[in-house]
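Engineer: Let me give you the structure first, and then I'll get to my questions.
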Amino acid sequence: MTYSRIIGTGSYLPEKVLTNADLERMVDTSDSWIVERTGIRERRIAGEGEYCSHLAIAAARNAMAAANVGPTDIDCLIIGTCTPDQVFPSTACLVQYALGLKPGGVAFDVSAACSGFVYALDVADRFIRTGGARRAMVIGAETMSRVINWTDRGTCILFGDGAGAVILEAGDEPGIYSTHLHADGQYENLLTVPWGVSQGVEAMTPEGGKIVMRGNEVFKVAVRTLGRMVEETLVANGMTHADVDWLVPHQANIRIIQATARKLGLPMERVILTVAEHGNTSSASIPLALDAGIRDGRIKRGQNLLLEAFGGGFTWGSALLRY
Ligand code: UT7
C-alpha cells in the first residue's frame, strides 16, 4: 500500500498589511465589529505587479527548503486558486517553469474557491497512491484583493492575499489517511464573482469581477456542513475527536471555526488559528495555517491533523492525516 506523506511546508505573505483601522477609513465599519463578528484584525495585500504565481513561487521555495528537496525531485504540481495570473497557461505551469521543476511533469490548477487547497491535496494524494507521481507539490495561492469590491463593507473586511505550499512524498505508511470532497452548485448565488471570460470583456461591469456574498446565509450553511463533514471524516477512519491532535481549518471566520471545534469536542487550544493576522485567504488559508503551526513547533511529527474547508460553489472538503 502506498500513502502520501508531508515532507515539508512553506508559506509566503505579501508585505503590505491592511489593518481594521485602515478599513475604518475606507468604509462604514469599526475594528470592534470586525473583531467580534470575524476574529480578523489585519490581512496582507499583494503589491502592484505581485501576482498569484509570485506568491506561490515564494511559498514553494520555502517548502522545498524545509523538505530538503530540489526542483527536479518534484514531478507533480497542483495549485488551488480562484485568482490565477492568466486564463492560460495555468498558474501551475508558470510556477513549474519559474522554479525549474522537472520538465514534462504534471502541472495544473484546481478551481474550488476556498476549498481549492483540500481539492488539490486530494488529487495529488491520488496521483501518489496510484503511482502517477513520487513527489508532489500542492499549493494554495490567492490574490483575493483583486476581486474585492472595496466599497462593500460586508466583504472587503474579510479577505486577504497569501500562499502556502506542502510537498508530499510516496511512502509505506500514512501520511494521508483519507480525503473527502463535496460540492453543491445550487448555492451559486450566495457566494460568487459573477463574471468570467466566457461572458466576454464587454459584459464585465466594474462590480461584475468582484465578490458578491450573502454572508449570513453562507455562514449558516458553512457551520452545518462543516459539522457534518468532520464527523464523516472521523467515522471513515474509525477515529474519535480524541485521536485528533490539531484541527487546521479554513480561516474564514473565528465563529465558524469555534462552531466546528465544538462539534468535534476539541478545545480551541487544539486549533491552529491564523484568521486574526491573515483574514480569509481562500485556498491559501489552510497551508498558511499548517506552515505556521509546524514552524512554531506546535504541530509535531506523528500527530494527527484534521484539515477542513468550505467555500464558493458551494464546495467543501477535508483531509485527515498523520504528520
Ligand atoms: O470562505 C468561505 C466563505 N465565506 C464565509 O464563510 C463567510 C461567512 N459569513 C460571515 O463570516 C459573516 O456572515 C459576516 C462576517 C460576513 C457577517 O457577519 P453576520 O454576523 O452574519 O452579519 P450580518 O451579515 O447578518 O449583518 C449584521 C449587521 C447588518 O446591519 P443591520 O442590517 O442589522 O442594520 C450589516 O449591514 O451588520 C452590518 N454589517 C456591518 N457593520 C459594520 C455588515 N458588515 C459590516 C461591517 N461593519 N463591515
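Yes or no, residue by residue, for (1) polar (S, T, N, Q); (2) closer than 27 Å to residue 59 by Cα:
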{"residue": "152", "(1), (2)": "no, no"}
{"residue": "159", "(1), (2)": "no, yes"}
{"residue": "183", "(1), (2)": "no, no"}
{"residue": "186", "(1), (2)": "yes, no"}
{"residue": "235", "(1), (2)": "no, no"}
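Engineer: Is one or more of the residues making up region 109-126 in contact (Cβ under 8 Å) with a residue 12 or more places away in the chain, assigned to a loop (DSSP other than H, G, I, E, B), closer than 19 Å to residue 6 by Cα and in contact with a Cys (Cβ under 8 Å, 6 or more places away or on another chain)? Don't jump to the end; show me each part of the working.
Structural biologist: Here is the first cut: in region 109-126, the residues in contact (Cβ under 8 Å) with a residue 12 or more places away in the chain are 109-125.
Pick out the ones that are also assigned to a loop (DSSP other than H, G, I, E, B) and you get 111-112.
Still in the list and also closer than 19 Å to residue 6 by Cα: none.
Taking every residue of region 109-126 in turn, none turns out to be in contact (Cβ under 8 Å) with a residue 12 or more places away in the chain, assigned to a loop (DSSP other than H, G, I, E, B), closer than 19 Å to residue 6 by Cα and in contact with a Cys (Cβ under 8 Å, 6 or more places away or on another chain).
Engineer: Then there's this: Given the options 272, 257, name the one that is within 30 Å of residue 45 (Cα to Cα), crowded, with 17+ Cβ neighbours inside 10 Å and within 11 Å of the ligand (Cβ to nearest atom). Spell out the reasoning first.
Structural biologist: Working: 272 fails: within 11 Å of the ligand (Cβ to nearest atom).
The conditions single out 257.
Engineer: Being out of contact with any strand residue (DSSP E or B) (no Cβ under 6 Å at 6 or more places or on another chain), outside any helix (DSSP H, G or I) and within 16 Å of the ligand (Cβ to nearest atom) is the filter here, so list the residues in region 197-221 that pass it.
Structural biologist: Filtering region 197-221 for residues out of contact with any strand residue (DSSP E or B) (no Cβ under 6 Å at 6 or more places or on another chain) gives 197-211, 214-217, 219-221.
Subsequent filtering for residues that are outside any helix (DSSP H, G or I) retains 200, 204-211, 214.
Across region 197-221, the qualifying residues are 210, 211, 214.
Engineer: Right, something else. Tell me whether region 76-89 contains one or more residues that are in the same structural domain as residue 119 (by TED's automatic domain parsing), over 30 Å from residue 127 (Cβ atoms) and within 16 Å of the ligand (Cβ to nearest atom). Give the derivation first.
Structural biologist: Quick first cut of region 76-89, residues in the same structural domain as residue 119 (by TED's automatic domain parsing) only: 76-89.
Keeping just the survivors that are over 30 Å from residue 127 (Cβ atoms) gives none.
No.
Engineer: Can you tell which of 65, 107 is more than 17 Å from the chain's Cα centre (by Cα), of a type in the set (A, V, I, L, M, F, W, C), surrounded by fewer than 19 Cβ atoms within 10 Å (Cβ to Cβ) and away from the ligand (no atom under 16 Å from the Cβ)?
Structural biologist: On the way: 107 fails: surrounded by fewer than 19 Cβ atoms within 10 Å (Cβ to Cβ).
Step by step, each of 65, 107 is checked, and only 65 is more than 17 Å from the chain's Cα centre (by Cα), of a type in the set (A, V, I, L, M, F, W, C), surrounded by fewer than 19 Cβ atoms within 10 Å (Cβ to Cβ) and away from the ligand (no atom under 16 Å from the Cβ).
Engineer: Give all pairs with beta carbons closer than 9 Å in which a residue from region 26-37 that is outside the structural domain of residue 276 (by TED's automatic domain parsing) meets a residue that is more than 6 Å from the ligand (Cβ to nearest atom) and among the hydroxyl-bearing types (Ser, Thr, Tyr); count only pairs at least 6 apart in sequence or on separate chains.
Structural biologist: Going by the 9 Å Cβ cut-off, the qualifying pairs are 26/151; 27/151; 31/19.
Engineer: Just wondering, is there one or more residues in region 136-144 that are away from the ligand (no atom under 16 Å from the Cβ) and among the charged types (D, E, K, R)?
Structural biologist: Of all residues in region 136-144, those away from the ligand (no atom under 16 Å from the Cβ) come to 136-139.
Now restrict to residues that are among the charged types (D, E, K, R): none.
Scanning region 136-144, I find no residue that is away from the ligand (no atom under 16 Å from the Cβ) and among the charged types (D, E, K, R), so the answer is no.
Engineer: For region 171-189, give me each residue that is in contact (Cβ under 8 Å) with a residue 60 or more places away in the chain, within 15 Å of the ligand (Cβ to nearest atom) and farther than 30 Å from residue 1 by Cβ.
Structural biologist: The first filter runs over region 171-189 and keeps only residues in contact (Cβ under 8 Å) with a residue 60 or more places away in the chain, leaving 171-185, 187-188.
Of the ones still in play, those that are also within 15 Å of the ligand (Cβ to nearest atom) are 182-184, 187-188.
Listed by number, the residues that qualify are 184, 187, 188.
Engineer: Continuing with the same structure: If residue 22 meets every condition in (1) buried (at least 22 other Cβ atoms within 10 Å of the Cβ); (2) free of Cβ contacts under 8 Å to residues at least 12 places away in the same chain; (3) not small (Gly, Ala, Ser) apart from one, which number is that one?
Structural biologist: Failing condition for residue 22: (1).
Engineer: While we're on this one: Within region 159-170, is there a residue that is away from the ligand (no atom under 16 Å from the Cβ) and surrounded by fewer than 17 Cβ atoms within 10 Å (Cβ to Cβ)?
Structural biologist: No, because not a single residue in region 159-170 is away from the ligand (no atom under 16 Å from the Cβ) and surrounded by fewer than 17 Cβ atoms within 10 Å (Cβ to Cβ).
The values are calculated or read from the model by the stated rules, or taken from the named source; none is laboratory data. Note that the coordinates shown come from a computational prediction; the quantities given were computed from them, not determined experimentally. We place every Cβ from the backbone using ideal geometry, glycine too, and count neighbours over all the protein chains shown.
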